Ligand SMILES: *Cc1c(COP(=O)(O)O)cnc(C)c1O
C-alpha cells in the first residue's frame, strides 16, 4: 500500500487542483466534492485518507467493498458504489451504500428501491449516461434518459441526484470539455423537465479540470490519491 504520508500529500495536491479549477472556471469555491476511489486499496489506505478529512469513498467491486465497509464501521465515511450493477446483486448495495452512481435501467432502480433498508436514509442515485452511445459501455442512451429519470424520480427510498458518465478519452482539453459539456446539457434538460437534480458525477484523475469546467460537482479520483492500482 502507498505510505500514509504519500496519501496525505497526494490528497493535498488533488484538493489544490480542484480549488484551482473552481477558481479558473468560475465555479463556487467548495462546489466540487472529491470522491476518493479506493477500489483495490487496503482499509489502512482508506484510514490514511480519512485521517486527512476525506469522507467520500467510491468502490467498484462489491465483495471487496462490503468487507471494507464492515471493517471501517467506526469511521464516519460515506460509501459510493461506482461499479457495474448486476440486477441479482442489488440487495447488498441497497443495504450498505449511501450512493449508487451507475444506475442505467428501471429494473435495477426498482430493485434498489424495494430493497433499501427502511431505517436508512434514502439511497442517493445517479443515472449513468452513455453519452457517445458506445456499444462497449453501460449506461442509458440519451434517448432513454428522460423517461428513465422521470420513473426513477418517483420511486420511494431513492433520491435521484443527477447523472454520472465515463466518456471516452479525448485528445485535448477542449475536446474533453466538450464531451463533458454534453452530459451537463443532458442534466440541464432534465432540470428543465422539473426533475430536481444537484449532482454531476464527472471527471477522474486525468481529466478532472475539464469536468469541473463543464459543471461537474463530484470528481471520482483514484490513481492521483492512492497511486497506480494493482490489476485485479
Ligand atoms: C476506477 C474508477 C475511477 C478512478 O479512476 P482514476 O483514473 O484512478 O482516477 C473513477 N470512476 C470510475 C467509475 C472508476 O471505475
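Where a number appears in this text, it was derived from the coordinates with a stated rule and is not lab data. A quick note: this is a predicted structure, and the numbers were derived from the prediction, not measured. No Cβ is skipped: glycine too gets one built from the backbone with ideal geometry, and neighbour counts run over all protein chains shown.
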Averaging sequence separations of C-alpha pairs under 8 Å and six or more residues apart, then dividing by the length of the stretch 6-85, give the relative contact order as a whole percent.
27
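Compute and list, largest first, the equivalent-ellipsoid semi-axes of the stretch 64-173 from the alpha carbon gyration tensor, each √(5λ) rounded to a whole angstrom.
Semi-axis lengths for the stretch 64-173 are 25, 18, 12 Å.
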P(r) tail fraction, the stretch 95-232 - alpha-carbon pairs more than 25 Å apart, %
28
Sort 59, 209, 134 so the one with the fewest other Cβ atoms within 10 Å of its own Cβ comes first.
134, 209, 59
Neighbour-count ranking [beta-carbon atoms within 10 angstrom, fewest first] of 73, 137, 107:
73, 107, 137
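Pairs of alpha-carbon atoms within less than 8 angstrom and 6+ residues apart define the contacts here; what relative contact order does the stretch 40-177 have, in percent?
RCO, the stretch 40-177: 18 percent.
Report the gain in length on full extension from residue 9 to residue 23: 0.36 nm times residue separation, minus Cα-Cα distance, nm rounded to one decimal.
Length difference between fully extended and current span is 2.9 nm.
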Can you give the helix-only mean residue ellipticity at 222 nm for the chain, where every DSSP H stretch with n ≥ 4 adds -39500 (n - 2.57) and the sum goes over all residues, rounded to the nearest 500 deg cm²/dmol?
-12500 deg cm²/dmol
Starting from the Kirkwood radius over alpha-carbon pairs of the stretch 1-51, derive D by Stokes-Einstein at 25 °C in a medium of 0.890 mPa s and give it in µm² s⁻¹.
204
Plugging the Cβ-Cβ distance of residue 229 and residue 193 into 1/(1 + (r/R0)^6) at R0 = 30 Å yields, to the nearest 0.05, a FRET efficiency of 0.20
Largest-first semi-axes in Å of the equivalent ellipsoid built from the Cα gyration tensor of the chain are 26, 23, 15
To check you understand DSSP bridge types, tell me what percent of the beta bridges within the stretch 115-232 (both residues inside) are antiparallel, rounded to 5.
0
Label-to-label distance, nm, for residues given as residue 106 and residue 67 (7 Å Cα→Cβ offset)
3.8
